[in-house]
Amino acid sequence: MAYQPGGKLVLTLSGPGATGLTYQGHLGAGPWITNATGTGLLAFTLPVTP
């Protein structure tokens, strides 16, 4: 995973066949995905593009 300027996150997958990426948050203690202002990510679903 790598962050690029402009807010782009690049993921490298280890195998073929993925069509989407889903993040559904988490329960309990642990780090959150946040932006520069501390706003936390709740959930998302995105298509995987080559």
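The values are calculated or read from the model by the stated rules, or taken from the named source; none is laboratory data. Computed from a predicted model, the values in this text were never measured in an experiment. FYI the Cβ positions are ideal-geometry reconstructions off the backbone, even for glycines, and counts take in every protein chain you see. In case anyone asks, the SASA skips ligands and DNA or RNA and just uses the protein heavy atoms, side chains included. Shrake-Rupley method; radii C 1.70, N 1.55, O 1.52, S 1.80 Å.
So is Leu42 part of a loop (DSSP other than H, G, I, E, B) and either under 13 Å from the mean Cα position of the chain (by Cα) or at pLDDT 85 or above (or both) or not? Can you show your working first?
On the way: part of a loop (DSSP other than H, G, I, E, B): yes; either under 13 Å from the mean Cα position of the chain (by Cα) or at pLDDT 85 or above (or both): yes.
Criteria met by Leu42.
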Response to the item:
Flagged in the stretch 1-16 as modelled with pLDDT of 85 or more and in a loop (DSSP other than H, G, I, E, B), in numbering order, are Pro5
Worksheet item: Name the residues in the stretch 1-44 that are open to solvent by 100 Å² or more (accessible area, probe 1.4 Å) and in contact with a Gly (Cβ under 7 Å, 6 or more places away or on another chain), would you?
Response: Trp32, Leu42
Fill in: Close pairs (6 angstrom Cβ cut-off, 6 or more residues apart or separate chains): touching a residue at least 60 places away in the same chain (Cβ under 8 Å) in the stretch 11-29, surrounded by fewer than 10 Cβ atoms within 10 Å (Cβ to Cβ) anywhere
none
